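I have placed the structure first, in the form of structure tokens, so that the comments after it can refer back to it.
The values are calculated or read from the model by the stated rules, or taken from the named source; none is laboratory data. Just so it is clear, the model here is predicted, and its values are computed rather than measured. Because the Cβ atoms are built from the backbone with ideal geometry, glycine has one as well, and the counts that use them run over all protein chains shown.
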Amino acid sequence: MDRPVVMFPGQGSQCAQMGRDLADKEREAMDLWKLAEKLSGLPLREIYWDGTEAQMNDTKALQPALVCTELNLWRHVSRKVQPMATCGHSLGEFSALACAKVLSPKDVLQVVSLRGSLMAQADPEGRGGMAAIVKLPVATVQSIVEHVSQETQELLILANFNAPLQTVISGMKRPLELACKEARSKKGRGMLLNVSAAFHSPMMAEANNEFAQVLASVEWHDAVCPVYGNIDGLPESQGALLQKKMLKQMISPVLWLDTIKNQSKAGLTAWLEIGPKSLLNKMVTTILEQDEIVTAQVTDLKSLESFLAAEE
């Protein structure tokens, strides 16, 4: 395919056995899993290759394991593909920074291991969460959020602008449940997500303050291609400015809709998704339904081999 935007999905794209086929085949991939385990202090291979769904949904383990899977796949793809730009959805933005050589793979794994731990500790009482609202336009979801938050006087915000009819909200559990109920009354769908806290909301403020120290501890380089940021949907290549963006990412909404629209406006027409489960391509085709675009995905060893063979 022509030089694509390389995309990396975030939480929700994890699955059992992810990354195992490639790690069983080559030492370099297995070594990255061992490094991720050392940095996180968790038995990631045991969790994702032999563990339960509950273990796999734990954000402490999920963040380093998912990024490890994505970076192992990208290492092979990068031998054939030069991206025009890169981006990632929430957690996936850290894989995008590695793709653009802003951060080294080791530094990315160190950063996301600590990010996962901080986010897991942010709401030990389990007061907050997230929910997906689909089949309703953003303006309607915004109206629901304003009504419910005013009625309950509890935190509820729009957190992920994924597609024209797909929005994620974040906040306290009671208003989340009420918002889902109201969405259904308006012929939409509201589904609570299996996450441990209200990510991309002010409830992450304390964790984000600690995370700033983590981001300052690693070396940031200028990007080899533009990185489109979650917080504004705009491209950036300067390492120092990318670091500033990432200082706000945990507490800011994910502007994925703007990200894809801005890439299209810039003349980009091809998107390659790299991760264990393809989630972002569907969003791209929904957002740009009237445009002529090309999408592809690499999710495992089999699809990786097929993609590389097609690029010969």
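The table below lists the values:
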| item | result |
| --- | --- |
| Within segment 205-221, considering residues that are among the hydrophobic types (A, V, I, L, M, F, W, C) and out of contact with any helix residue (DSSP H, G or I) (no Cβ under 7 Å at 6 or more places or on another chain), the one nearest to THR52 (Cα to Cα) | ALA205 |
| Any hit, segment 47-60, residues being surrounded by fewer than 24 Cβ atoms within 10 Å (Cβ to Cβ), closer than 22 Å to MET283 by Cβ, in contact (Cβ under 8 Å) with a residue 40 or more places away in the chain and out of contact with any Gly (no Cβ under 7 Å at 6 or more places or on another chain) | yes |
| Residue, modelled with the lowest pLDDT, within segment 1-20, restricted to residues that are over 27 Å from VAL168 (Cα atoms) and surrounded by 14 or more Cβ atoms within 10 Å (Cβ to Cβ) | MET1 |
| Residue that is in contact with a helix residue (DSSP H, G or I) (Cβ under 6 Å, 6 or more places away or on another chain) and under 10 Å from ALA131 (Cβ atoms), where the choices are GLY229, GLY190, GLY233 | GLY190 |
| Failed condition for ALA183, given (1) surrounded by 24 or more Cβ atoms within 10 Å (Cβ to Cβ); (2) within 25 Å of ALA54 (Cβ to Cβ) | (2) |
| Members of segment 216-246 found to be acidic (Asp, Glu) and assigned to a loop (DSSP other than H, G, I, E, B), listed by number | GLU219, ASP222, ASP232 |
| Selection count, segment 268-298, where residues are crowded, with 18+ Cβ neighbours inside 10 Å and assigned to a helix (DSSP H, G or I) | 4 |
| Selected residue [surrounded by fewer than 16 Cβ atoms within 10 Å (Cβ to Cβ), more than 28 Å from LYS282 (Cβ to Cβ) and touching a Ser or Thr at 6+ places or on another chain (Cβ under 8 Å)] from GLU206, GLU219, GLU151, GLU210 | GLU219 |
| Any hit, segment 241-262, residues being farther than 29 Å from ALA122 by Cβ, without any contact (Cβ under 8 Å) to a residue 60 or more places away in the chain and not hydrophobic (A, V, I, L, M, F, W, C) | yes |
| Which listed residue is in contact with a Lys or Arg (Cβ under 7 Å, 6 or more places away or on another chain) and in contact (Cβ under 8 Å) with a residue 60 or more places away in the chain, from LEU39, LEU22, LEU35 | LEU35 |
| When residues of segment 261-304 are limited to those that are modelled with pLDDT of 95 or more and acidic (Asp, Glu), the one nearest to ASP232 (Cα to Cα) | GLU273 |
| Yes/no for ALA240 being surrounded by fewer than 18 Cβ atoms within 10 Å (Cβ to Cβ), over 18 Å from PHE8 (Cα atoms), touching a Phe, Trp or Tyr at 6+ places or on another chain (Cβ under 8 Å) and not assigned by TED's automatic domain parsing to the domain that holds ASN160 | yes |
| Scan of segment 186-201 for residues that are of a type in the set (Ser, Thr, Tyr) and in contact with a Pro (Cβ under 9 Å, 6 or more places away or on another chain), ordered by number | SER201 |
